Every structure is written in C-alpha cells, then in structure tokens.
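> What follows is a single structure, and I will ask about it in a moment.
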Amino acid sequence: MGKENQTWVSEFLLLGLSSDWGTQVSLFVLFLAMYLLTVLGNVLIILLITLDSKLHTPMYFFLSILSFVDICYTNSTVPQMLVHFLSARKSIPFHSCVMQLYISLAMGSTEFFLLGAMAYDRYVAVCYPLHYMVIMHGGLCLGLASACLSAGLTNSLMQTLMIFHLPFCRKVINHFACEMLAVLRLSCVDISLNKVMVAISGFLVIMLPCILVLFSYAHIVAAILRIRSSQGRRKAFGTCASHLTVVSMCFGTAIFTYMRPVGRSSAGQEKMVALFYAVVTPMLNPLIYSLRNNDVIGALKRTLEKLKEKNRQK
C-alpha cells in the first residue's frame, strides 16, 4: 500500500510560514530585500577576490568558495519561497522537491566542511606564519576545496536517495521548503534506519569539522598568548575574528537542531533553523568578512578608484 501511495505522489504541498495574506506580503518584502542583499554581497566578495591581486591568498580563496556555496544554498530555496508568499496554492513537483533537498543539503554540508578547512588555514597562518605560503600552496587549497564539495555532494546524495525511496502516505509538508526532517515525517513506514543515518550524517558533517575547528583554535589561542606585544596579539586574533564569528553561528545552531533525536525538534524550530541557514547566514557572511576586514575594505576602495579612473578616461 505504501509503495502504491509513493507512486502517485506527483507533487507536495508546502504549508509555508504563515496562512495570513497580510503577513505573507510583509514576509515577501522582508525576505526579498534579504535575498537581494545576500546575492549582491556574495557576488561582490567573489568579484573583489578575483579582481584584486592582494586578495589572492589561501584565506580569500576559501572565502570566495564560501560565498559561492552561500549563493547556491540561498537560490535552492529562497526564490521558490518568495513565489509561494504570493501564491494561493503552494505546491512543488516531486522531482523539484528531490532536487531542492539534494542541493540545499549538499551546499549546507559543504559549508560545514569548508569552515573546518578555513579553521585549518587560520591555524597554519597563526602557528606557522613563516611557512604559511609553503604549507598552504595552491594545490593543497584546491584539493581541500574539492574534498569539501565532494564530501558534501556525497552525503547529500546518500541522504536524498534514502529519503525518496520511502513510501509516502501524505503530501503536505509542514515547511516552506523540502527540508530533510519535514519530508521524513511524510513516510508511512518505520524510519528508524533513516533516523540512525541522520545521526551518523550529523556527526560526520557537523561534529567532525567542529572538532577540527576546536583543535585549530585551541592551538591558535595558545600561540596568540605566547605573543609578547599586545599589538601583535590583536593582529593575530583579528585574522581569525571573522571566521570565528561565522563558525559560532553555524555550528551552534546546527548542533542544537540536528544532533538531537529527530522526534525532539518541532516543525517551528526546524523552520527557524532553515531560515537562518538559507537567508540569515548567507546574508551576514559578506558583512562579517567585509566590515571586520581591512583587506576587503581596501580592495573595495581600490576597485572603486579604478572604475572612477576608467570613467574619467572615457
């Protein structure tokens, strides 16, 4: 019976964030503004890193990859959410739901691995400054970025295949997107194996990078404390402050949500966490890395000056 039901599920219905029309219009305006800021901010970061030779370092290479991942993550859910705010019927085709879950889960997983790689980069920069460029050579940076993306895509593929091989008895998703835990609740069979896989995936994707981050920053703090001058300590900590801020936001929320038993988190909590990762974090990342980073601000000024000079020459 369950398999037959699964065959006939050609689309899913999303409940969204609210059923009140006035609230939906207000949310549309709010999230449209946040979406535009997210895309423009991350595109600007990528352009500055590409155009300014002073930012051609391992740290900014990883930052450009992070911005690209954030753009993909946001575009996997937010455009559809904006359309649904102004739609009476919030439906999504089965294949679109599969792709949405796969892409959002892949980009989310990749971001955690990438934050771990960025922590290692900061560890080498602070603890081995004289050998930094030798250790973090181009081949290693490209290899780490590729490994992060491959791990994220593989994890997402395994989870997506396991979820959508389940028979579904219902097609109403209490969410604004095809989120992993929300889709699992539609199944009419025992999902104990899936719960185990979610826990294992959570450990590998969240806890392992988190352990690497904690290991890296334990050594970074020890190295900073050994620096005698206060100015040197501030400079060393300044190179890590932006990354540490982003890490605290991402890992803190993920551990609170996905490292608990599946049945313990409510639909409301899952919606808030999904909004945080899909909208808030990608919007804040460019602001955190630019406002607290003199190199990025300097690159922006230099780029603007070059554009002004070109306009004058015309």
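The values are calculated or read from the model by the stated rules, or taken from the named source; none is laboratory data. This one's a predicted model, so the numbers in the text were calculated from it and none came from an experiment. All Cβ positions, glycine included, derive from the backbone under ideal geometry; neighbour counts span all protein chains shown. These accessible areas exclude ligands, DNA and RNA; they are computed on the full protein's heavy atoms, side chains included. Shrake-Rupley method; radii C 1.70, N 1.55, O 1.52, S 1.80 Å.
> What are the ³J(HN,Hα) couplings of the stretch 141-151, residue after residue, when phi is run through the Karplus curve with 6.51, -1.76, 1.60 and θ = phi - 60°? Round to Hz, x for glycine and proline.
In residue order, the calculated couplings are 4, 5, x, 5, 5, 5, 5, 4, 5, 5, 5 Hz.
> Order GLU305, GLU111, most accessible first, counting only protein heavy atoms with a 1.4 angstrom probe.
Descending order: GLU305, GLU111.
> Let me ask something additional. Would you mind getting me the FRET efficiency between CYS188 and ILE135? Use the beta-carbon distance for r and R0 = 51 Å, nearest 0.05.
The value I calculate is 0.45.
> Rounded to the nearest whole Å², what accessible area per residue is found for the chain with the 1.4 Å probe?
It amounts to 50 Å² per residue over the chain.
> Just want the answer: with Cβ charges of +1 for Lys and Arg and -1 for Asp and Glu, which residue in VAL279, LEU82, VAL98 is farthest toward the dipole's positive end in the chain?
Ranked along the dipole, the leading option is VAL279.
> Something else about it: Each residue of the stretch 278-285 in order: what ³J(HN,Hα) in whole Hz does its phi give by Karplus 6.51 cos²θ - 1.76 cosθ + 1.60, θ = phi - 60°, with x for Gly and Pro?
Using θ = phi - 60°, the values come out as 7, 10, 6, 4, x, 6, 7, 3 Hz.
> Same structure again: Determine which residues of the stretch 288-313 fall in the zone a paramagnetic label at HIS56 would reach in this model, i.e. backbone nitrogen under 20 Å from the point 7 Å along Cα→Cβ.
From the stretch 288-313, the list is 295-307.
> Could you tell me the relative contact order of the stretch 12-309? Use alpha-carbon pairs under 8 Å, at least six residues apart, and round to a whole percent.
Relative contact order for the stretch 12-309 comes out at 28 percent.
> Which cysteines in the chain lack any other cysteine whose Cβ sits under 4.7 Å from their own Cβ?
Among the cysteines of the chain, those whose Cβ sits 4.7 Å or more from every other are CYS72, CYS127, CYS141, CYS148, CYS210, CYS240, CYS250.
> Name the long-range amide H neighbours of PHE176: under 5 Å, sequence gap of 5 or more, or other chain; modelled H, no Pro or chain starts.
It is GLY16, by chain and number.
> Another question about this same structure. Mind listing the long-range amide H neighbours of PHE12? Cut-off is under 5 Å, sequence gap 5 or more, other chains count too, H placed in the peptide plane at 1.01 Å from N.
Close amide H contacts, sequence-distant or interchain: ILE92, PHE94.
> Then there is this: Between ASP20, ASP121, ASP295, find the one with the highest GNM mean-square fluctuation for the chain; connect C-alpha pairs within less than 10 Å.
ASP20
> Just to make sure I understand: if all protein chains stay in place, what is the order of PHE61, PHE68 by accessible area at 1.4 Å, largest first?
Ranking PHE61, PHE68 by accessible area, largest first, yields PHE68, PHE61.
> Assign unit charges at the C-beta atoms only (+1 for Lys and Arg, -1 for Asp and Glu), then state the dipole size of the stretch 12-309 relative to its Cα centre in Debye, rounded to the nearest 20.
In debye, rounded to 20, the stretch 12-309 gives about 520.
> Now for a different question. If you wrap a convex hull around the C-alpha atoms of the stretch 12-309 and split its volume per residue, what is the figure in Å³?
Dividing the Cα hull volume of the stretch 12-309 by its residues yields 143 Å³.
> Take the solvent-accessible surface of the protein heavy atoms, probe 1.4 Å, and return the percent of it on the chain that carbon and sulfur atoms account for.
Roughly 69 percent, rounded to a whole number.
> Okay, next question. Can you pull the one-decimal nm distance between simple spin-label points at LEU161 and MET207, each 7 Å off the Cα toward Cβ?
2.4 nm
> Tell me, what HN-Hα J-couplings in whole Hz come from the Karplus equation 6.51 cos²θ - 1.76 cosθ + 1.60 at θ = phi - 60° for each residue of the stretch 217-233, using x for Gly and Pro?
6, 5, 6, 5, 4, 4, 5, 5, 5, 7, 6, 6, 7, 5, 5, x, 5
> List every residue whose amide H lies under 5 Å from the amide H of ILE191, counting only residues 5 or more places away in sequence or on a different chain, with H placed 1.01 Å from N in the peptide plane.
Answer set, sorted by chain and number: none.
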